[in-house]
1. Would you point out which residue out of 535, 504 is under 15 Å from residue 569 (Cβ atoms) and among the charged types (D, E, K, R)?
2. Do the conditions hold for residue 515, that is, is it part of a helix (DSSP H, G or I) and within 30 Å of residue 439 (Cβ to Cβ)?
3. If a residue has to be more than 42 Å from the chain's Cα centre (by Cα) and either surrounded by fewer than 16 Cβ atoms within 10 Å (Cβ to Cβ) or not assigned by TED's automatic domain parsing to the domain that holds residue 370 (or both) to count, how many in segment 443-464 make the cut?
4. Looking only at segment 515-541, count every residue that is small (Gly, Ala, Ser) and either in contact (Cβ under 8 Å) with a residue 40 or more places away in the chain or surrounded by 19 or more Cβ atoms within 10 Å (Cβ to Cβ) (or both) and tell me the total.
5. Tally time: how many residues in segment 31-42 are out of contact with any Phe, Trp or Tyr (no Cβ under 6 Å at 6 or more places or on another chain) and either assigned to a helix (DSSP H, G or I) or surrounded by 14 or more Cβ atoms within 10 Å (Cβ to Cβ) (or both)?
6. Among the helices (runs of 4 or more DSSP H) confined wholly to segment 371-431, which include 1 or more residues that are within 16 Å of residue 460 (Cα to Cα), more than 46 Å from the chain's Cα centre (by Cα) and in the same structural domain as residue 456 (by TED's automatic domain parsing)?
7. Enumerate the pairs (first residue in segment 243-266 and under 11 Å from residue 231 (Cβ atoms); second residue anywhere and in a helix (DSSP H, G or I)) with beta-carbon separation below 8 Å, excluding pairs fewer than 6 apart on the same chain, so at least 6 apart or on different chains.
8. With of a type in the set (Phe, Trp, Tyr), farther than 28 Å from residue 25 by Cβ and in contact with a strand residue (DSSP E or B) (Cβ under 8 Å, 6 or more places away or on another chain) as the only criterion, which of 87, 93, 97, 107 stands out?
Amino acid sequence: MERAYQMSKTMSPGNQIGMYDQHSMALAEAVPQIVWTANPDGLLDYYNQHWVDYTGMSIEETLGWGWGPVLHPDDLQRCIDIWTDAYTTGHSYEIEYRFKRASDGSYRWHLGRALPVRDLDGKIIKWIGTCTDIEEQKQAVAQVEEKVRERTAELAAVNESLLIEIEQRKLLAQTQYRDSIRLNEIITTQCQLTEAKLDLKAFLELVVYRVDALTGASGSVVEIVDGDEMVYRAGSGVAHAHVGLRLKRDNSLSGLCVSTREVLQCVDSETDERVDRAACQRIGVRSMLVTPLFHEGSTVGVLKAMSSRPYAFGGTDMQTLQLMAGLVGSALAHQTAFNAKENLLTELNAAVSEIKANELRTKTIIESAHDAFVASSAEGRITDWNRQAEDMFGWTREEALGQKLEQLIMPQRYRDAHLAGMAHFRLCGEGTILNKRIELHGLRKNGQEFPVEFTISVIRSASEVELCAFLHDITDRKLAEERLLNMAQIDELTELPNRRLFNDRLAAAMARAQRTNKLMSLVYLDIDHFKKINDSLGHGVGDALLREFAFRLKASVRLVDTVARVGGDEFVVILEQLREPADSKSIIDKIIENIRQEIEIDGHRLHITTSLGGAFYSDKNLSPDELMALADEALYKAKQSGRDRDCWALQ
């Protein structure tokens, strides 16, 4: 402080230390920075001790314009220009420049600041400035920039492998799509077989032609066991002309299949000792795939696909044939049972037409039937009700007889149509549903509805007309059909909609958006670095991670939205009923945040992120595939930008 006071005596009266009290000067000496002051004309008149320690120059050497020697030559003129402009205009400034440090002779970067001090009239009476060493900060920034350059080089190096992985994913998606189409064809076939009202011959012909379409076989055949022989009951393609052919069970692949109850494959009939080589040559068959047909636990025959080429069938064809065999076995039993019921109704009609000559026999048949039997008068009152009807509907025979049919076993929604149909029948003796296989819902005594299948026949006698029906509870069959349909539309691992169901929902969502004039968006996302996790920790952990990822996605969206898995670790989200693009922001942020939460699987603590690509459906001319392509492109940009973020397509 004494040094500052002595220096102040050398200044002009207007610049003396009297303008700054000793407290301010002591503060300037205490700070770990270079502090200086200058007069209004820009001549430096004070430096603190830190300047002397840093530069090695005395205060007397650097007063006025003497600070030039410690500046880096490349920075000197720029500093002079800025300082001259500052004290000329009265504007404060901030600048970076290099000072030479006396201790080692090195130049180090400093941040210089200066501002004017004004009196009450606004006149500049002093300039005060500081110089702060920022060398370490500059080096840190340079290191960060170098890391960024290195990371950019790494990303460029792996770009080719990423492109290969994308191509592999596309191939996998194509395979999954083909498998989905195949499964859908199988389900369609099952539905056709279940609903078709065909005789047994036509039914079996439909089976073999569908097998050809599903497996690419040159011909297919249904062989039925007949004693020690196998009989061609239906054939397509190369087997069509050989229907009725009989082969010894002991000398054929079909017979072996019946005995072992296993799927068998012949890759080349010329070298396979299990086959009847002469019969194969006669038909022109080189390879075969055979699966057993079961009915009530017994092997009743086989379903066989054949090809004129060796090695024609693969694992996918084997799975297809196995599934078809299961459907054919149950459908065959169903068709046979239905034929039996129709025959029973024919016999019953003949018996009643003979004025109940065989009434006792008919009653026995009705009571022992496995299906419910219900008869009513032309006025719709119940006239007969067997034991199976009691079990099926819950009403006893005494309770049912004389009651109105529609009030006892029909749900409310069918009653008006039933009454109209009965009125039409009484008027002209005809009905649109007579002698046809019908599926509707029945009503139990407890109010429960259930699916039934029935056929109504008319029994006429000289004195009266009676409507008779056998009713079969098809609840189990409907559940099986629903399970098959679910298999075609739901991803087994995550229980989310698969690509097929997603395509349907996307088309429907786009149609709703057009109809309601509401905005919707499609978001394509996957798990960052999933392949690395799957390869290093195993597929079990990978599958568990996919299930947890799917759960968190569903928990992050609204009920109106759709989440689907379209392959591997690729998922899509359909956001509907948006007023504007900003409405999707909170949902996307919630997804990203929920995915970031720690996951523990089999003792492994995982921290994962997701990358999202989105596209809004604003152009009504966009197709679903084009909208999907926009979202996929946005996902690629999100990954290129560093992952763990969302990017949106520009439209």
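The values are calculated or read from the model by the stated rules, or taken from the named source; none is laboratory data. Every value quoted in this text rests on a predicted model; they were computed, and no experiment measured them. Quick reminder, even Gly has a Cβ in these numbers, built from the backbone with ideal geometry, and neighbours come from all protein chains shown.
1. From the options 535, 504, the qualifying one is 535.
2. Values: part of a helix (DSSP H, G or I): yes; within 30 Å of residue 439 (Cβ to Cβ): no.
So residue 515 does not fit the description; no.
3. 6
4. From segment 515-541, those small (Gly, Ala, Ser) are 521, 536, 538, 540; that's our starting set.
Narrowing the set further to residues that are either in contact (Cβ under 8 Å) with a residue 40 or more places away in the chain or surrounded by 19 or more Cβ atoms within 10 Å (Cβ to Cβ) (or both) leaves 521, 540.
Result for segment 515-541: 2.
5. Our first condition is that a residue be out of contact with any Phe, Trp or Tyr (no Cβ under 6 Å at 6 or more places or on another chain); within segment 31-42, this holds for 31-33, 35, 39-41.
Of the ones still in play, those that are also either assigned to a helix (DSSP H, G or I) or surrounded by 14 or more Cβ atoms within 10 Å (Cβ to Cβ) (or both) are 33, 35, 39-40.
The number of residues fulfilling the criteria is 4.
6. The qualifying helices (runs of 4 or more DSSP H) are 412-428.
7. That search, which allows pairs on different chains as well, returns 245/279; 247/254; 247/255; 247/279; 249/255; 249/258; 249/259.
8. The conditions single out 107.
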